[in-house]
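The values are calculated or read from the model by the stated rules, or taken from the named source; none is laboratory data. Bear in mind that the values here come from a model prediction, so they are computed numbers and not experimental data. Methodologically, a virtual Cβ is constructed for each residue, glycine included, from the backbone with ideal geometry; neighbour enumeration extends over all protein chains shown. Calculation scope for accessible area: heavy atoms of the full protein, side chains included, ligands and nucleic acids excluded. Shrake-Rupley method; radii C 1.70, N 1.55, O 1.52, S 1.80 Å.
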Amino acid sequence: MAGVAALIGRLWALVRPYRWWSLVAVAGLLFVLLGWLVATAPLDRALQPAKQPSLIITDMNGKAIARRGDYKEEPVAIAALPAHVPAAFIAIEDRRFRDHMGVDPIGILRAAVTNAQAGGVRQGGSTLTQQLAKTSFLSSERSIKRKLQEMIIALYLEARLSKDEILQNYLSSVYFGDGAYGIRAAARTYFDKAPEQLDLGEAAMLAGLVQAPSRLAPSRHLEQARARAAQVLAAMVDTGAITAAQAAAARPADYRPGRKTLPSGSYFADWVLPQAREATEADYGEIVVKTTLDPRLQTLAEQMITDGLARARGLNVNQAALVAMRLDGRVVAMVGGTDYKASSFNRATQAQRQPGSSFKLFVYLAALEAGKTPADTIVDEPIELCEPGQKPGECYAPKNDDLRFRGTISLATAFAASSNIAAVKLAQEVGISAVAAQVKKLGISGGVSIYPAMALGTTPIPLIDMTRAFAAVASGRYPVKASGLWRDDPWPDAVTPPEATAKSWPVRADMMQLLQSVVRNGTGNAARLPIPAWGKTGTTQNHRDALFIGFAGDLVVGVWVGNDDNSPMAASIVGGGLPARLWKGFMAAALQMEGKMEAVPDIAPVEVDMEALAIDMEGMTIDLNGEPNNPPAVIDIPDDSVTEPPEPPEPR
């Protein structure tokens, strides 16, 4: 003790000359803190609507499909509540609420003793005012700093508000579980009534939830909630709020939900939620947001994916995605995977997968913009593209899917047959920056690979973005933005005729001719419909991805199949196979539903000129031997100055 006293004496001797300055510094700090509280801690914050209010997402018909966000109703008035409602909370959470000034030393000491005797945390020392300070102004971080902030704000609230105002703020904002904030939302959620109508048993149950809302929520744990309510009633007897007879007569509360149970999400709901948040303002209650989702088309899309993968069993195809949109980008159906409950990762919007030959859309647009026509010819022959320092045999040597070379062919034939040689040659001729400019023009950001294999779709692009690009060609307007929020204006009911964009987009007519040739007599023949259809196949190296993207009628649809672990599928899984058949099945049924196509027997693929197109639909591969092993560098799309790829990075 003598040593401690001596240490304190020495410290005081050091501080004593500066004691007045220290007091001024402390006073200044308190003044700054007070100013911060006045500026950033509005007294009515707890009464304001939730920052992310509960949104009910509906389909285009107004049927709710998901709910997301915090459910908070308008504030309560203490005078309008039955006396046993606030009494229940005071008894179980802060029985000295009417006596302390925001921080209760006696309560803290009592909780410490109780917890020490129990060998763990059994009772908290925070007052209702401190809880209000924490939930309204601070984070949930557990630290001494936050606890000190909580105490200071509690003292500030006590100095500025009456006890009933504090209690009103608290009851209007505290969390009760199941997404319900405030007693009005909780009463509706659990009992389907207003808080002014709560009986004693219901009030006791709600007061008991505050300790552990998730663990005690009566929607899932009714017996635990009732046991906790009994503790609240006992505490009310101890404080004199009610008599023992009243406690005994209190009827145990029953769970009577006042809000319909809805999924918290789906692939489409998760995707559209940010758009819904941006389009709505904070408000009390639940905000209904109508979307573009067509329930008939969504059901059809899900069934097509399920049935299609079932037929592909044994071919190592474990995942698939489909996105369907109107020509102006309004998304009407979305499947982001085989099972949302197992994985909410959306393979239609979040997965960065290589688009394969469907990327040739941009290569040929660039070539057409450079003056090429579908009738122009190109030599389909072996080539090597060497980087500085590489010797023959070490260079990138693209190969065609069937490992054959066709000699001199038209660009129309090259596109229909999905010639890799032709695509790589065209990209080198017009320049990578020209291809990149087309990618950006159609609304895709992020850059493209600078290596020659870029022409074959080695740059990862989400399926929805590739589908948007095809929608731009279908509508004749670019870029097309994918949207999920309902609009009252009608969507385009048919593909825009090529002549309608002869001036605004001259090369679009030729591009549509190329896309139609793919479906009529090219690699996409399996997607052929009895009405005009346009599209492009895509298959990546070692069959890791297979796609078909196209449009017909008033719909643009993209389909992808593959595996999350990027493992190869069977060699028979190519863009012109399973994805094209899924696309056709969905598109035919969807357009028939909408009266845009007569029901006709299934159309067998037309005979293809094997000498001209050399297409083997069941054995197609995409062999990119010679592709650099390093991760592809990226060219910044806005930079039009880059016409040749820079030197690749040194091998690791």
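When the C-alpha to C-alpha distance is required to be over 27 Å, the pairs from Lys360/Lys596; Lys260/Lys341; Lys147/Lys193; Lys341/Lys441; Lys391/Lys440 that qualify are Lys360/Lys596; Lys147/Lys193; Lys341/Lys441; Lys391/Lys440.
In this structure, the residue pairs whose Cα-Cα separation is over 21 Å, taken from Lys72/Lys134; Lys399/Lys536; Lys372/Lys503; Lys399/Lys425; Lys503/Lys536, are Lys503/Lys536. Taking only protein heavy atoms and a 1.4 Å probe, the accessible area of the stretch 46-91 is 51% carbon and sulfur. Amide H contacts of Val332 (H built 1.01 Å from N, in plane; Pro and chain starts excluded): Ala324, Met325, Arg326 sit under 5 Å, all sequence-distant by 5 or more or on other chains. By the equivalent-ellipsoid construction on the alpha carbon gyration tensor, the stretch 430-497 comes out with semi-axes of 27, 13, 9 Å, ordered largest to smallest.
Placing a label point 7 Å from the Cα of Ala64 along the Cα-to-Cβ line, the residues of the stretch 173-209 whose backbone N sits under 19 Å from it are 176-195.
Taking only protein heavy atoms and a 1.4 Å probe, what accessible area per residue, in Å², does the stretch 340-433 have with all protein chains in place?
Heavy-atom accessible area per residue stands at 39 Å².
In the full protein context, the stretch 460-607 carries 38 Å² of accessible surface per residue, based on a 1.4 Å probe and ignoring ligands, DNA and RNA. Straightening the chain between Arg404 and Ala159 buys 79.6 nm, computed as 0.36 nm per residue apart minus the Cα-Cα spacing. For Ile461, the amide hydrogen comes within under 5 Å of the amide hydrogens of Arg353, Gln354, counting only partners 5 or more places away or on other chains and with H modelled in the peptide plane.
The shape of the stretch 189-316 can be summarised by an equivalent ellipsoid whose semi-axes, obtained from the alpha carbon gyration tensor, come to 45, 20, 12 Å from longest to shortest. Nonpolar atom fraction for the stretch 184-257, defined as the carbon and sulfur part of the 1.4 Å probe accessible area, stands at 52 percent. What does the accessible area of Glu387 come to, in Å² to the nearest 10, when a probe of 1.4 Å is used? Accessible area, nearest 10 Å²: 40 Å². For the pair Asp564 and Glu384, the difference between a 0.36 nm per residue extended length and the Cα-Cα distance amounts to 61.6 nm. Glu499 sits with roughly 140 Å² accessible to a 1.4 Å probe, with DNA, RNA and ligands left out of the calculation.
Stretching Ser343 away from Gln303 to a fully extended chain increases their span by 12.6 nm, per 0.36 nm per residue minus the current alpha-carbon distance. Sorting Ser264, Ser126 by solvent-accessible area of protein heavy atoms yields Ser264, Ser126, largest first, with a 1.4 Å probe. Couplings 3J(HN,Hα) for the stretch 148-163, derived from phi with the Karplus relation 6.51 cos²θ - 1.76 cosθ + 1.60 (θ = phi - 60°), are 5, 4, 4, 5, 5, 5, 4, 5, 4, 5, 5, 6, 9, 10, 7, 4 Hz, where x marks Gly and Pro. Taking amide H positions as modeled 1.01 Å from N, with prolines and chain starts lacking one, the residues under 5 Å from Asp545 and 5 or more places away or on another chain are Thr540. Rounded to 0.05, the FRET efficiency of the Ala227 and Ala249 pair, given R0 = 22 Å and the Cβ-Cβ distance, is 0.75. Label separation (Ala282 vs Asp238): 3.7 nm, computed from points 7 Å beyond Cα along the C-beta direction. Computed from backbone phi, the HN-Hα couplings of the stretch 182-187 come to x, 5, 5, 5, 5, 4 Hz, rounded to whole numbers (Karplus: 6.51 cos²θ - 1.76 cosθ + 1.60, θ = phi - 60°; Gly and Pro given as x). Phi angles across the stretch 166-177 convert, under the Karplus curve 6.51 cos²θ - 1.76 cosθ + 1.60 with θ = phi - 60°, into 3J(HN,Hα) values of 4, 5, 5, 4, 5, 5, 7, 9, 5, 8, 10, x Hz, Gly and Pro given as x. Distance between the C-alpha centres of the stretch 329-379 and the stretch 205-225: 49 Å, rounded to the whole angstrom. Extending 7 Å from the Cα toward the beta-carbon at both Met101 and Lys193 defines two label points whose distance is 4.1 nm.
Computed over the alpha-carbon pairs of the stretch 472-519, the distance histogram in 5 Å steps reads 5, 18, 26, 22, 15, 9, 5, 0 percent, short to long. Residues Lys163, Lys391, Lys481, ordered by accessible area of protein heavy atoms at a 1.4 angstrom probe radius and largest first, appear as Lys481, Lys391, Lys163. If ligands, DNA and RNA are left out, what is the accessible area of Lys596 with a 1.4 Å probe, given in Å² to the nearest 10? Its heavy atoms expose roughly 70 Å² to the probe. Shown for the stretch 409-466: the carbon plus sulfur share of the solvent-accessible area, taken with all protein chains present and a 1.4 angstrom probe, equals 52%.
If we count every other residue with Cβ under 9 angstrom of Asp192's Cβ, Lys/Arg +1 and Asp/Glu -1, where does the sum land?
My count for the surroundings of Asp192 gives +4.
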